[in-house]
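Values in this text are rule-based calculations from the coordinates and carry no lab data. If you're wondering where the values come from, they're calculated on a predicted model, not measured in any experiment. Note that each Cβ is placed from the backbone with ideal geometry, even for glycine, and that neighbours are counted across all protein chains shown.
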Amino acid sequence: MTETIFAADVAALDAADPLAPFRERFQLREGLIYLDGNSLGALPKMTGDRLAEVIDTEWGEGLITSWLGAEWSTAPRRIGDKIGRLLGAKPGEIVAADSTSVNIFKALTAALSLRHERPVILSEASNFPTDVYMMQGIEAFSGGRVKAVTVAPDAVLDALNDDVAVLLLTQVHYKSGRVRDMAAITRAAHDAGALVVWDLSHSAGAIPVDLNGANADFAIGCGYKFLNGGPGAPAYLFAASRHHAATPVLSGWFGHARPFAFEEDYDPAAGIERFQCGTPPMLGLSALEVGVDLMLEADMAEIRRKSLALGDLFIEHMQPLCDTYGFKLASVRDHAERGSQVAYAHPQGYQIVQALKEFDVIADFRAPDILRFGLTPLYLSYRDILETVERLETVCATRAWDKPQYHRRAAVT
Ligand SMILES: *Cc1c(COP(=O)(O)O)cnc(C)c1O
């Protein structure tokens, strides 16, 4: 197949792409190829207008009356319900609040409260660090009653025993992009008497998720990755309705049944509201809602189909670079087990990712040697994928990565 015919094929794919019009809805500089939407989603063009409205009208003019007048007080639940439509949750099972890390704490302690007699929080050792750190903090605080246990990724199911209160797993692995079978693992954990907390940070907005179809207990995830909610956007927490009696350990007043009764004793709200803690951050929530609304306009099955097609195209065209320059595919090819990113291992991974920025390609690096390429079907084209491989080839062929400034690690990678 000649180069030109191939470029024409890709042009045809782009021309027939039902998601192509979404790119216009994001503020992305011409020429830039952004492959880091799995770390910080791009800016929806409507976010600025919406924030200006919240600031000037709702805050500036409405002042405190906006808690009711602009429906601020119900925003965490309203936005949670919208996220729930992406995740197979029922209305009233998700609240948008706090950070992912804080929600990991809330979900783990709620699950522990439902399995008091069992001491272990189990996870995989290579889980996203904050997930494991939160487990370790709970262990330290518990004075030895709770044990944080991590095992090798493939040893998780074998480690389920009578001591395990809760299993904490990330559905799509942050480095490899490998997808876990949520329904099968949840079933195995339930058979062992344990509950599961699913981290959906790399799932929501990236792959179809069916929490209730998988009989999930708790889930949490980020608002700023595929949901395009903005830097540090509020996260979300799912609790299956059967677990709404779980005790919230972060027993803040916004989780109280009657926050504005200012009662002396904590009495948690009946539903998902009990998993709120303090006053909702309205600027962050408003930006998150724009991102979620935009995602809801797209068909998730179509997003998944295109994400896999972009990944296949990328993997195919990377093969010559693997042979010549030593990249090693660190993601699975199999569609059932591949999330919305493709990762490669390379000893000079850090330098290559830095050098790619000179060529207007933003990807990211995860220590020790992983280059991550996030695939966001709402604002990437098939042409972008071919361009990326071409620019990557230039970086390798010219050794553009071999500059002194790229050998010093920055604080954020
Ligand atoms: C991005 C990510 C987080 C981030 O947690 P924050 O509290 O938002 O910083 C947590 N877990 C996983 C699996 C992630 O990918």
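Taken one residue at a time, the phi angles of the stretch 93-99 give Karplus couplings (6.51, -1.76, 1.60, θ = phi - 60°) of 10, 10, 10, 8, 6, 6, 9 Hz. Gly and Pro are set to x. Relative contact order for the chain: 21 percent, from Cα pairs under 8 Å spaced at least 6 residues apart, divided by residue count. Take the Cβ atoms of ALA397 and ARG187, set R0 to 30 Å, and the FRET efficiency comes out at 0.05.
If you take the alpha carbon atoms of the chain and fit the smallest convex hull around them, that volume is 150 Å³ per residue. Plainly put, the stretch 221-333 has a radius of gyration that is 1.20 times its Kirkwood radius, both from alpha-carbon atoms, as the Rg/Rh ratio.
Here the spin labels are modelled as points 7 Å beyond Cα on the Cα-Cβ line, and at ASP369 and LEU296 they lie 4.5 nm apart. For the chain, the longest principal axis of the Cα atoms and the long axis of helix 100-114 meet at an angle of about 40 degrees.
On a 0 to 90° scale, report how tilted helix 129-141 is relative to the longest principal axis of the chain, with both axes built from alpha carbons and the result rounded to the nearest 10. Computed tilt is about 30 degrees. A straight line joining the Cα centroids of the stretch 199-275 and the stretch 53-94 runs 14 Å.
How high is the FRET efficiency between GLU358 and ALA8 when r is their beta carbon distance and R₀ equals 25 Å, given to the nearest 0.05?
Once the sixth-power term is evaluated, E becomes 0.30.
Taking a straight line from the alpha carbon of LYS357, these lysines sit under 18 Å away, with near neighbours fewer than eight places off in the same chain left out: LYS403. Within 10 Å of each candidate Cβ there may be at most 14 other Cβ atoms; applying that plus a DSSP loop requirement, which trypsin sites (Lys or Arg not before Pro) in the stretch 315-397 survive? Within the stretch 315-397, the qualifying trypsin sites (Lys or Arg not before Pro) (loop, at most 14 other Cβ atoms within 10 Å) are ARG333. Restricting attention to the stretch 49-297, the count of lysine pairs at 8 or more positions apart or across chains with alpha carbons under 23 Å apart stands at 8. Computed from the C-beta positions of GLU337 and ARG408, the FRET efficiency with R₀ = 56 Å rounds to 0.95. With an a/c value of 1.5 or above and a/b not larger than b/c for the gyration tensor axes a ≥ b ≥ c computed over the alpha-carbon atoms, the stretch 244-284 is described as oblate. Applying a DSSP loop filter and a limit of 11 other Cβ atoms within 10 Å to the trypsin sites (Lys or Arg not before Pro) in the stretch 125-188 leaves ARG145.
When MET282, MET134 are arranged by Cβ crowding within 10 Å, least crowded first, meaning fewest neighbours, the order is MET282, MET134.
Extension gain, HIS116-ASP162: 0.36 nm per intervening residue step, less the Cα-Cα distance, totals 15.3 nm.
Electrostatic bookkeeping for GLY278 treats Lys and Arg as +1 and Asp and Glu as -1; over the other residues with beta carbon under 14 Å from its beta carbon, the sum is 0. In loop segments of the stretch 111-194 as defined by DSSP, the GluC sites (Glu not before Pro) with at most 14 further C-beta atoms inside 10 Å of their C-beta are GLU117. Kindly express, to the nearest 10 degrees and within the range 0 to 90, the angle between helix 3-15's C-alpha long axis and the longest C-alpha principal axis of the chain. Relative to the chain, helix 3-15 is tipped by roughly 30 degrees.
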